Amino acid sequence: MKRLSLFIAAVLAASSVFAQKKPMKEFVNELMAKMTLEEKIGQLNLLPGGDVTTGAIMDSPLAQLTAAGQLGAVLNVKGQDKIHELQRVAVKKSRLGIPLLIGLDVIHGNQTVFPIPLAQACSWNLKAIENGARIAAKEATAQGVNWVYSPMVDIAIDPRWGRVAEGAGEDPFLGCRIGEALVKGYQGNYGKENAMACVKHFALYGAAEAGRDYNTVDMSRVRMYNQYLAPYKAAAEAGAGSFMSSFNVVDGVPATCNKWLLTDLLRKEWKYDGFVVTDYGSINEAIVHGIGDQSVTSELALKAGTDMDMCSNAFIKQLANLVKNGRVSQEDIDTACRRVLEAKYKLGLFDDPYRFCEPKRLKTDLYTAEHRKAARDMAAETFVLLKNDGVLPLKKQGKIALIGPLGNNSSNMVGCWSTADTPELYSTLKEAMERAVGDKAQVVFAQGCNIYADENIQKGATFGRPIDRVDDDKAKEEALRVAADADIIVCAMGEMAEMSGESSSRTDISLPRVQMELLKDLVATGKPVVMLNFAGRPTVMAWEAEHVNAILNVWFGGSEAGDAICDVLFGDKNPSGHLTMTMPKALGQIPIYYNHLNTGRPVPEGVTEYRKYQSNYIDVRNDPLYPFGYGMSYTTFEYGKPRLSATTMKADGSITLTVNVRNSGNRDGDEVVQLYIHDMVATIARPVKELKGFERISLKAGESRDVTFTINADMLKFYNSNLQYVAEPGDFEAMVGGNSRDVQKIRFTLQ
């Protein structure tokens, strides 16, 4: 029996073409020595799997390319059985048996869907965010995926850009911390439940002009380094296995073909050693940018530092001839191929190509009670209470009118970019409310209107998560009848899921007209009105802020959003989200962000009237509707006076700032204590304030706690006009509070 076991083990070992017994560099060098030029180029080729998701794998073009050694990775193949078969073709049919990378946009969960990333950021809970990424990777790898296109760490200050939904907001410091947490959550130690992260979009994609997706980006290097680049660098230093280049130009050169960006900055300055993949088809898009034909853009992309071509079929068509003609060197090909093979080594694919294809995991690892609880708890922490005149939390009594097009639709609760969701498993808000109140209250629903009127959406715009179309006039009549007989009105309004996300830019980010008309009629009834604002971006809510009794910004909360909303709505949990993007009061203020530079003619703080020949508007004040960091609670928090351990600091030393925070209300609650710093005099203009620390704390009713931040010279550094990273001696203001506007200031000096 023992001999039989040893024989079986030997056979299994021999059946594996490669085994990761050797160190990575040695293993990859030996493998590459066996590879032809065409096989190396094949490793740089990434194609979509949409053409095989409903058909036979063996007869598909992907299988044929894989068997020929002309494919290194695929994306968007769904189904563990299909992925297993593709890996089998790669290992058994190709000459060298090199396994595939399997990529998917796992942006905020998998079958268990977490809140959209912008909402997650509003929790300021790094542990929960990391855990959400861990769960997403666990579920994705259970289905065969080993490479996730996340995190998106683009800084974004223009909410018209739909892809703000995918990032952490406008602040680089917070963006760094969240990017690090996500990379750590996805990758872990590269075990069977971990996937390789892909940091996107490198770089500056969030600064697309006019908030229009795929549009031009142009800025100074000083602004790049000080405001936009830090989260990418932090994610690289956290060990992210891959980066994705962006669609936009950087200094006039498409990012995918930009040697300064991908080599000088990423590789040389930041010492990054992972691989770089293009965004979808961007080598071909460089042709449209006017850089040259496909042979030119392929040459430029490879030499710039692009390692893998996503869906352009450019490398596979052009590189062999480019080598033959002397325009691309064998070394260029080898460098890119080596990085891709090292990624596969890190994922353990050479040891076991099928390590992410265990059938039993489909029954044990998807949409579990543990995962659902984590998603529900996180969602409740992301909701931002923007206004409350005392109507919230609701009592579980009387008749509650739930009105609005998002009140009884589960597919839109999850938000954009939820590629593996299963809406039929999720509760609608109506179902969750009925479950929450039980027999203590009555919930009556009316849709009330459509999400938008046809004239609000340009012809040709389509959305994949439809809501039943109704006759607006008849639906409004029904809603008003329901409201007339209710004690309180809860409005479920805002965007549908795919009105934000990729290719979903909006020039008007206020509530669509047909919903606004209904909301005004509901307010006119005189009944208390609570607005649940569903959105993938900051929206303009100036009218709502003035006329509605309470506003809870619920974003898109994921698969457990219905129950999570009820947890907060009825007071079982206390709202604790804080904004990570500024909310404008008017469209014309955009872009508006807290960490702006001063002007030579600023309007002093506290001034409410128009000032001639100063930097302001004649029709609207400069300040936002709701500032960065803002968020209310069902309790109140009082801040004591901040205290510094010293008022001077040496360049190699540190000081501490301590503030006492007290829960002065009658409910337990969480507060996000925020530290900002202003460099008062420097060799270049510096922001009026910058986030440099935060701590999320839980306080019982009546409890107080000292919160201490350590300030050192690294926190005071910036890139000067020569792009030197320096902390310049002089005076600084430290500010502490519950948001970027309501802060207390104290000064210190860097010697």
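The values are calculated or read from the model by the stated rules, or taken from the named source; none is laboratory data. For clarity, every value in this text was computed on a predicted model and none was experimentally measured. Here the Cβ positions follow ideal geometry from the backbone for every residue, glycine too, while neighbour counts run over all protein chains shown. Remember, those area values only see protein heavy atoms, side chains included, never the ligands or the DNA or RNA. Shrake-Rupley method; radii C 1.70, N 1.55, O 1.52, S 1.80 Å.
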| task | Residue by residue through region 268-309, note down the ones that are open to solvent by 10 Å² or more (accessible area, probe 1.4 Å) and either aromatic (Phe, Trp, Tyr) or in contact with a Gly (Cβ under 6 Å, 6 or more places away or on another chain) (or both). | result | Trp270, Tyr272, Tyr280
| message | Among (1) at pLDDT 75 or above; (2) farther than 27 Å from Met310 by Cα, there is one condition Asn29 misses while meeting the rest; what is its number? | response | (2)
| query | His596 fails exactly one of the following numbered conditions: (1) under 28 Å from Ser411 (Cβ atoms); (2) of a type outside the set (A, V, I, L, M); (3) under 24 Å from the mean Cα position of the chain (by Cα); (4) open to solvent by 20 Å² or more (accessible area, probe 1.4 Å). What is the number of that condition? | reply | (1)
| message | Just to be sure I understand the filter: pairs with C-beta atoms under 9 Å, separated by 6 or more residues or on different chains, first member in region 479-508 and modelled with pLDDT of 95 or more, second member in a helix (DSSP H, G or I) and polar (S, T, N, Q). Which pairs pass? | response | Cys491/Gln515; Met493/Gln515; Gly494/Gln515; Asp508/Asn456
| request: Could you run through region 635-655 and say how many residues are assigned to a loop (DSSP other than H, G, I, E, B) and either modelled with pLDDT under 95 or open to solvent by 30 Å² or more (accessible area, probe 1.4 Å) (or both)? | output: 8
| remark: If we ask which residues in region 354-387 are in a loop (DSSP other than H, G, I, E, B) and either open to solvent by 20 Å² or more (accessible area, probe 1.4 Å) or closer than 30 Å to Glu546 by Cβ (or both), their number turns out to be 9
| query | Mind checking whether some residue in region 676-694 is in contact with a Leu (Cβ under 6 Å, 6 or more places away or on another chain), under 29 Å from Asn720 (Cα atoms), of a type in the set (A, V, I, L, M, F, W, C) and surrounded by fewer than 20 Cβ atoms within 10 Å (Cβ to Cβ)? | reply | yes
| query | Can Leu62 be described as in contact with a strand residue (DSSP E or B) (Cβ under 7 Å, 6 or more places away or on another chain), at pLDDT below 95 and not charged (D, E, K, R)? | reply | yes
| message | Whether any residue in region 295-303 is in contact with a helix residue (DSSP H, G or I) (Cβ under 9 Å, 6 or more places away or on another chain), of a type outside the set (Asp, Glu) and not in a helix (DSSP H, G or I) is what I want to check. | response | no
| Of all residues in region 656-675, which are open to solvent by less than 10 Å² (accessible area, probe 1.4 Å), within 29 Å of the chain's Cα centre (by Cα) and not aliphatic (A, V, I, L, M)? | Gly669, Gln674
| request: State which residue pairs qualify: first residue closer than 16 Å to Ile157 by Cβ and inside region 223-248, second residue among the polar types (S, T, N, Q) and open to solvent by 10 Å² or more (accessible area, probe 1.4 Å) in any location, beta carbons under 7 Å apart, and separation of 6 or more residues or different chains. | output: Asn248/Thr216
| message | Kindly evaluate Ala208 against the criterion of being aliphatic (A, V, I, L, M), touching a Pro at 6+ places or on another chain (Cβ under 9 Å) and either surrounded by fewer than 24 Cβ atoms within 10 Å (Cβ to Cβ) or on the phi < 0 side of the Ramachandran plot (or both). | response | no
| Residues of region 499-558 being acidic (Asp, Glu) and part of a loop (DSSP other than H, G, I, E, B), which ones? | Glu502, Asp508
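The rows are residues; the columns are (1) more than 27 Å from the chain's Cα centre (by Cα); (2) basic (Lys, Arg); (3) at pLDDT below 95; (4) more than 23 Å from Thr36 (Cα to Cα).
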| site | (1), (2), (3), (4) |
| --- | --- |
| Glu285 | no, no, no, yes |
| Ser295 | yes, no, no, no |
| Phe315 | yes, no, no, no |
| Leu319 | yes, no, no, no |
| Ser329 | yes, no, no, no |
| Val340 | no, no, no, no |
| Arg361 | no, yes, no, yes |
| remark: Reported set for region 716-729 where residues are open to solvent by 20 Å² or more (accessible area, probe 1.4 Å) and either part of a loop (DSSP other than H, G, I, E, B) or in contact with a Ser or Thr (Cβ under 9 Å, 6 or more places away or on another chain) (or both) is Lys717, Ser721, Asn722, Leu723, Gln724, Val726, Ala727, Glu728, Pro729
| query | Just one of the numbered conditions (1) within 22 Å of Cys416 (Cβ to Cβ); (2) open to solvent by less than 30 Å² (accessible area, probe 1.4 Å); (3) assigned to a loop (DSSP other than H, G, I, E, B) is not true of Pro591; which one? | reply | (2)
| query | Could we say that Glu609 is open to solvent by 20 Å² or more (accessible area, probe 1.4 Å) and under 32 Å from the mean Cα position of the chain (by Cα) here? | reply | no
| Is it fair to say Val222 is crowded, with 23+ Cβ neighbours inside 10 Å and of a type outside the set (Phe, Trp, Tyr)? | no
| query | Given the structure, is Asp81 over 19 Å from the mean Cα position of the chain (by Cα) and acidic (Asp, Glu)? | reply | yes
| message | Which of the numbered conditions does Glu733 fail, given that it passes all the others? Conditions: (1) open to solvent by 20 Å² or more (accessible area, probe 1.4 Å); (2) charged (D, E, K, R); (3) over 22 Å from Gly600 (Cα atoms). | response | (3)
| query | Which of the residues spanning region 706-729 are over 20 Å from Pro172 (Cα atoms) and touching a strand residue (DSSP E or B) at 6+ places or on another chain (Cβ under 6 Å)? | reply | Asp706, Val707, Thr708, Pro729
| Out of Val253, Val199, which single residue is of a type in the set (A, V, I, L, M), at negative phi and open to solvent by 20 Å² or more (accessible area, probe 1.4 Å)? | Val253
| Can you tell me which of Gly448, Gly407 is in a loop (DSSP other than H, G, I, E, B), more than 18 Å from Asp567 (Cα to Cα) and in contact with a strand residue (DSSP E or B) (Cβ under 6 Å, 6 or more places away or on another chain)? | Gly448
